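Everything on this sheet refers to the single structure shown next.
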Amino acid sequence: MNNRFCLFIFTILSFFLSSLLAYGQTSPDRLLLRNYRPQNIFKIPYIVGKKAEYPVIDMNARPSATSQSQLARWVKDMDSAGVGKTVIMTDAYGRQFDSLAAFYSRYPKRFVLFCGIDLTGYDKPGFELASVKELKRCYDVGARGVGELIDLSRGFVHQTPPAYWVHIDDPKLAPLLNECAKLGMPVSISIGQPQWCYERMDSTNDGLMSAYEHWFDMGWDLDLNQEVQHLARALAEHPKTIFIACHLGNQVTDLAKLGKLFDKYPNLYADISRSYAELATIPRYAKTFLENYRYRILYGTDMGTGIPMYQETFTVLQTCDEHFYAFGLSDYHWPLYGLGLSGTTLKSIYRGNAKRILK
C-alpha cells in the first residue's frame, strides 16, 4: 500500500511539473545561465534618463548605418536623445575610408570620422613614409582622428593582413604617431579585454557569461598589465599625441590603475563606451573616480544606435536609480545602480572634454 501511495504522489507531482514546463517555465536545476533574465520587482521610484541633461558628443560609435534612410533615422534619434555629434570609429583607410567619408558627408556637422592606419608592407623598406602619407591623405579627405585601433593581445590582428606582434609602441609607428600630433588627430585604442576574460572560466568568475563568449577568440599571449605597458610606453614616447583609451582601458575592475596613468600622462584620456554595466555595479566608487577625473573622461557608446541604448547610458550616469537591469548594455547579469554624477562632471564628460580634443 505504501509503495502504491508513493507512486501515486510521484505521478501527481510529475503531472504538475510537466504542466509548468508546458507553460514555458524551466526547473531551476535545468536553467542555463545564458537564459537567466531576472526582472526587477522592487516597488521604488525610478527616474530613467530619457534625454541627456546637457549636450552630448559621442566619442565612440561604429559605422552602423548602411543606407541613407538608416542614417537619417540615426540623426533623428540623436536629436531625441540630446546627442549633437557622433564620432565614427571607421578603422578604415584607402577606398574604404573614402567611401565612408562620402556616405556621412550628408551630415557634416553631426558626424566626425576617425580613420585607421595602413600597416601594409610593415616588413618592407619605406613602410613608415607610406603609412604617414596615407594618414595625411585620410586627413585631407576628412579624418579627424585615428581609431578605433584594437590590440587584444597579439597586436593589431584586425588588420588585413593581420599585423601580429605590432603594438602601439612599435618603433615603426613612431613617425605616424608624431604626425598625429602635428595634425591634431587623437588616437583611440582598445587594449585587451576586461579582467574577467583572463580569469578561470568556472563558477568563481562573476563575469562568466560575457567573458566566456570572448575567451575562445583571444588565446592570451599578454595579460592586461602587459597590454597597458605598451600603451604607457607610447604615452611617454609621444607626449604631444593625444591617446584615448577606449572602454576605460578595460581597467574598470582596477580604476586606481587607470587613475595612476592619468596622473602620470597628461596626454591620456579614456572613453566610457561599453563600460556602463560594470561602472553601475560599483556606483559609489565609480562616481568618486569619475568626479575626480572628470576632465579626462569622454562619453561614448559603441553599442549600436537607437533611443533605448542612449537612455540606458543616461540612466546610469544621471540618475540614482537602484537595482535595475539593462541587458542591452552588456551580457552581464548584475543589477545596476545609477551614479548620479554632478552637473559639472556631466558637462565635462558629455561635451567639454571632447570639444577640447577635437578642437
Out of region 53-81, which residues are under 19 Å from residue 274 (Cα atoms), open to solvent by 10 Å² or more (accessible area, probe 1.4 Å), touching a strand residue (DSSP E or B) at 6+ places or on another chain (Cβ under 7 Å) and touching a residue at least 60 places away in the same chain (Cβ under 8 Å)?
-> 62
Helices (runs of 4 or more DSSP H) fully within region 234-330 counting 3 or more residues that are farther than 17 Å from residue 210 by Cβ and polar (S, T, N, Q) | 307-318
Tally time: how many residues in region 70-97 are touching a helix residue (DSSP H, G or I) at 6+ places or on another chain (Cβ under 6 Å) and part of a helix (DSSP H, G or I)?
-> 4
Return the residue satisfying two criteria in turn: it lies in region 173-197 and is out of contact with any helix residue (DSSP H, G or I) (no Cβ under 6 Å at 6 or more places or on another chain) and either of a type in the set (Ser, Thr, Tyr) or part of a helix (DSSP H, G or I) (or both), and of such residues it is nearest to residue 267 (Cα to Cα).
-> 181
Counted residues, region 336-359 - those being open to solvent by 50 Å² or more (accessible area, probe 1.4 Å) and in a loop (DSSP other than H, G, I, E, B) = 2
With the condition kept exactly as written, say whether any residue in region 301-313 is touching a Gly at 6+ places or on another chain (Cβ under 8 Å), without any contact (Cβ under 8 Å) to a residue 24 or more places away in the chain and of a type in the set (A, V, I, L, M, F, W, C).
-> yes
Among 164, 122, which is open to solvent by 50 Å² or more (accessible area, probe 1.4 Å) and over 26 Å from the mean Cα position of the chain (by Cα)?
-> 122
How many residues of region 314-335 are in contact (Cβ under 8 Å) with a residue 60 or more places away in the chain, open to solvent by less than 30 Å² (accessible area, probe 1.4 Å), farther than 26 Å from residue 267 by Cβ and within 19 Å of the chain's Cα centre (by Cα)? The answer is 7
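The values are calculated or read from the model by the stated rules, or taken from the named source; none is laboratory data. If you're wondering where the values come from, they're calculated on a predicted model, not measured in any experiment. Every residue, glycine among them, receives a Cβ derived from its backbone with ideal geometry; neighbour counts consider all protein chains shown. For the accessible areas, the whole protein counts, side chains as well, though only heavy atoms, and no ligand, DNA or RNA atoms are used. Shrake-Rupley method; radii C 1.70, N 1.55, O 1.52, S 1.80 Å.
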